[in-house]
Amino acid sequence: MLLVALLAVITVFRAVRIVPQARARNVERLGRYHRTLAPGLSFVIPYIDRVYPKIDLREQVVSFQPQPVITEDNLVVEIDTVLYFQVTDPRAAAYEIASFLQAVEQLTVTTLRNVVGSMDLERTLTSRDTINSQLRGVLDDATGKWGLRVNRVEIKAIDPPATIKDAMEKQMRAERAKRAAILAAEGQRQSQILTAEGDKQAAVLRAEGNRTAEILKAEGEARAIDQVFQAVHRNDPDPKLLAYQYLQTLPQLAQGEGNTFFVIPSEVTTALQSVSRAFAENLPRSPATKDVAPADDPAVKAEDDAAQAAEGVAAALAAAAEADARTS
């Protein structure tokens, strides 16, 4: 009785199958494919139906070992690939091929060698997207009958030989040194250009400043001369007064330390005559004034000034004569 109960329990357990979500199980009846169990609760006939292991229907990621591939320029590179695929038909994945993972790996290697074999090393290193798209197209077409869908194929790494790596590093260092030298030369060139432009602008500004200063100085002197000229003409000076001022200024011309040659203009005699006539005409004619003149009389003061001016002229003439004698 106990044996019958145990057999009944085992039969019930074999008849009830629970399949998780995103999984599938193939069922054979009497050695022949019967159906595929969907996720959820399912019933089979014990001892007649055979249920195979679960098949994962989710997208799977497989990373293959690095494979040696020969490029067009006869260089051997190691290429790592990553494959993203998904089982779409559990029956085909189980009955169309013995091991779909091994089949996908071998197909990836052969396709990769065909694609990379038509490229040189430089193109291989810079054409990963092209290689990925070609691999995906070939794998998707070939694995469709196996109940698989290849979503993406990515190249994880491309390792050239050690000698090629050293040569590439040297080339990279040379390129960087070249770019650094070019940038330094460009910077020095720009610096010299900016310095030259700054010097040019500074010279132009200095020239403009000097010109403006000279113009303002000339305008100031012109205004000063104009004001003096207007003041002289406004006061209407007597020619005798001008002659007297000329005689007073003449001795100052010989007082410079560098004056070794002094020319007495011919107007000096005319000026002396004018001053003498002026003082002679202005002197009083009375007998009293001829004998004694007051100390504060204008005529006496004018006569003294004339005498001092004459003495100054004589001193200037003597100094000029002495200087002429020394130079000769």
Here is a check on your reading of the model: is residue 33 more than 60 Å from the chain's Cα centre (by Cα) and within 19 Å of residue 89 (Cβ to Cβ)? yes
Number of positions in segment 124-172 that are without any contact (Cβ under 8 Å) to a residue 12 or more places away in the chain and either over 19 Å from residue 82 (Cα atoms) or not β-branched (Val, Ile, Thr) (or both): 17
Complete set of residues in segment 1-21 that are hydrophobic (A, V, I, L, M, F, W, C) and touching a Lys or Arg at 6+ places or on another chain (Cβ under 8 Å): 19
Let me spell it out: the conditions are (1) modelled with pLDDT under 90; (2) open to solvent by less than 50 Å² (accessible area, probe 1.4 Å); (3) not aliphatic (A, V, I, L, M), and residue 171 meets all of them except one. Which number is the exception? (2)
Test: residue in segment 57-69 that is more than 20 Å from residue 139 (Cβ to Cβ) and surrounded by fewer than 17 Cβ atoms within 10 Å (Cβ to Cβ): no
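Rundown of residues vs (1) crowded, with 20+ Cβ neighbours inside 10 Å; (2) more than 23 Å from residue 24 (Cβ to Cβ), yes/no style:
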| residue | (1), (2) |
| --- | --- |
| 73 | no, yes |
| 76 | no, yes |
| 98 | no, no |
| 101 | no, no |
| 105 | no, no |
| 110 | no, yes |
| 116 | yes, yes |
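Which ones in segment 120-133 are surrounded by fewer than 18 Cβ atoms within 10 Å (Cβ to Cβ) and farther than 24 Å from residue 89 by Cα?
120, 122, 123, 125, 126, 127, 128, 129, 130, 132 - these are the residues of segment 120-133 that are surrounded by fewer than 18 Cβ atoms within 10 Å (Cβ to Cβ) and farther than 24 Å from residue 89 by Cα.
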Collect the residues in segment 28-65 that are part of a loop (DSSP other than H, G, I, E, B) and either within 23 Å of residue 12 (Cβ to Cβ) or in contact with a Cys (Cβ under 7 Å, 6 or more places away or on another chain) (or both), keeping them in residue-number order. 30, 38, 39, 44, 45, 46, 47, 48, 52, 53, 54
Are there any pairs, at least 6 apart or on different chains, whose C-beta atoms fall under 9 Å, with the first in segment 20-39 and without any contact (Cβ under 8 Å) to a residue 12 or more places away in the chain and the second among the β-branched types (Val, Ile, Thr) and in a strand (DSSP E or B), and if so, which? 35/27
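The values are calculated or read from the model by the stated rules, or taken from the named source; none is laboratory data. Remember, it's a predicted structure, so these values are computed and weren't measured experimentally. FYI the Cβ positions are ideal-geometry reconstructions off the backbone, even for glycines, and counts take in every protein chain you see. Surface areas here come from the heavy atoms of the whole protein model, side chains and all, with no ligands, DNA or RNA. Shrake-Rupley method; radii C 1.70, N 1.55, O 1.52, S 1.80 Å.
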